[in-house]
Amino acid sequence: MQNPTVVRSSYYYRPLPSFPNPNMNSKFPTPPLPISAFFFLLLFFSVPAISHPSNVACGEAISSCGNITNITYPFWFVHDDSTSLRSHCGYRGFELICRNNTPIIHLPAGNYTVTNIDYKTHTISLADTGIVFVSEECPRVNHNLTFDPDSVLRYAPSDVNLTFFFDCTDGPPDLHIPCLGSAGGNRSYVFTTETMRESYHRLPRTCRAVVVVPVLQDVLMAYIADDLPTRYGGVLQSGFNLSWPNVTSGDCGRCEHSGGRCGLNRTSNSTWNFTCFCSDGVKTFHPHCAEGMSVYLRIYSLFSTATARSISVFLHYITTFRSSSN
């Protein structure tokens with residue numbers, strides 16, 4: 001048998017792997033498998049391109065804490081010592097802490113006790129934690145109510161404001177709070193929005209602190225007839241309502257409109273990024289659950305599995321051939 005003629009070109013080339021030819025007695029060495037390419041393929045088919053299955057339940061789970069038994073989405077619980085939580089399902093700023101069987105929400109101004117959640121009207125009832133359990137008739141509020149700019153919680157239509165002037169050197173003597181006097185003779189006052197307009201020229205001008213807080217309008221109206229400066233404590237302890245919109249906007253709105261639920265994914269100890277939890281168990285960092293996402297994942301899974309098996313068979317074949325050639 002005549003040996004085959006090998007034609008060499010004038011440029012350099014890498015020879016392809018050669019396999020045994022039953023019609024040839026000679027054996028050609030098999031070049032080693034490009035290991036870097038192999039690991040690249042493994043990494044490529046191990047990292048999801050768009051989304052991945054969620055390890056966080058985002059269904060209709062209902063939690064309870066004390067007397068509040070209907071806590072569910074968009075609210076979510078976090079423990080005081082929870083530093084390992086990687087992701088959660090719920091709105092930003094809607095995290096609750098269950099402390100001593102009392103649900104507490106933290107707002108930028110401080111902690112507030114949750115007394116009720118109404119999902120039909122989208123309202124949550126709160127009371128200042130520093131006041132709600134105080135038995136005295138003259139509690140002193142220490143801060144205004146402020147909101148997280150990234151939260152959708154806002155005042156409810158049932159709220160009105162009370163304005164407190166503390167430790168004032170001037171003001172109308174007949175309108176002061178009797179039980180909040182000071183040793184230096186300073187006085188404190190409480191006004192509704194209406195009484196502030198009516199007594200504008202008599203308002204105190206030199207005070208140590210001015211605090212504005214929301215209260216329930218119907219409770220306030222019941223106490224005004226009974227002299228607000230002496231009974232305002234009951235109004236504060238009744239709390240106030242906050243509301244969240246029926247339809248959210250932005251990324252969360254697009255996520256919910258596509259059938260998903262909003263959540264956050266922790267990227268560092270203090271950084272949380274938006275995440276959309278889809279109804280088919282997919283967690284995506286895009287603000288929507290695209291149609292066919294489940295089909296995409298199934299195709300992706302089948303394709304990656306088939307590729308991995310093909311690589312495995314190829315490696316097994318090369319290894320077997322190399323062993324037999326030795």
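The values are calculated or read from the model by the stated rules, or taken from the named source; none is laboratory data. Everything numeric here is computed off the predicted structure, so don't read it as measured data. Cβ coordinates were reconstructed from backbone atoms using ideal geometry, including for glycine residues, and neighbour counts include every protein chain displayed.
Among the residues in the range 243-261, are any of a type in the set (Lys, Arg) and more than 30 Å from residue 279 (Cα to Cα)?
Scanning the range 243-261 turns up no residue that is of a type in the set (Lys, Arg) and more than 30 Å from residue 279 (Cα to Cα).
Conditions (1) closer than 23 Å to residue 114 by Cα; (2) exposed (fewer than 14 other Cβ atoms within 10 Å of the Cβ); (3) among the aromatic types (Phe, Trp, Tyr), marked per residue:
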site: 154; (1), (2), (3): yes, yes, no
site: 199; (1), (2), (3): no, no, no
site: 209; (1), (2), (3): no, no, no
site: 237; (1), (2), (3): yes, no, no
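Looking at this structure, is residue 113 touching a Ser or Thr at 6+ places or on another chain (Cβ under 7 Å), farther than 24 Å from residue 281 by Cα and modelled with pLDDT of 95 or more? Judged against the criteria, residue 113 is a match. Looking only at residues in the range 120-162 that are hydroxyl-bearing (Ser, Thr, Tyr) and at pLDDT below 95, the one that is nearest to residue 203 (Cα to Cα) is 146.
Which of the residues spanning the range 178-191 are surrounded by fewer than 19 Cβ atoms within 10 Å (Cβ to Cβ) and either part of a helix (DSSP H, G or I) or under 42 Å from the mean Cα position of the chain (by Cα) (or both)?
Initial filter on the range 178-191 (surrounded by fewer than 19 Cβ atoms within 10 Å (Cβ to Cβ)): 178-179, 181-185.
Across the range 178-191, the qualifying residues are 178, 179.
Starting from residues that are on the phi < 0 side of the Ramachandran plot and part of a strand (DSSP E or B), keep the ones in the range 164-177 and report whichever is surrounded by the most Cβ atoms within 10 Å (Cβ to Cβ). Spell out the reasoning first.
First pass over the range 164-177, keeping only residues on the phi < 0 side of the Ramachandran plot: 164-166, 168-170, 172-177.
Checking which are part of a strand (DSSP E or B) leaves us with 164-166, 168, 176.
Details: 164: 22, 165: 25, 166: 21, 168: 20, 176: 19.
Among them, the one singled out is 165.
Residues that are in a helix (DSSP H, G or I), aromatic (Phe, Trp, Tyr) and within 37 Å of the chain's Cα centre (by Cα) within the range 195-253 comprise just one, 232. Before we move on, is residue 243 of a type in the set (Ser, Thr, Tyr), under 19 Å from residue 145 (Cβ atoms) and either buried (at least 19 other Cβ atoms within 10 Å of the Cβ) or in contact with a helix residue (DSSP H, G or I) (Cβ under 7 Å, 6 or more places away or on another chain) (or both)? Taking the combined requirement at face value, the residue does not satisfy it.
If I ask for residues that are touching a Pro at 6+ places or on another chain (Cβ under 8 Å) and assigned to a strand (DSSP E or B), which ones from the range 89-105 would you list? Selection gives 96, 97.
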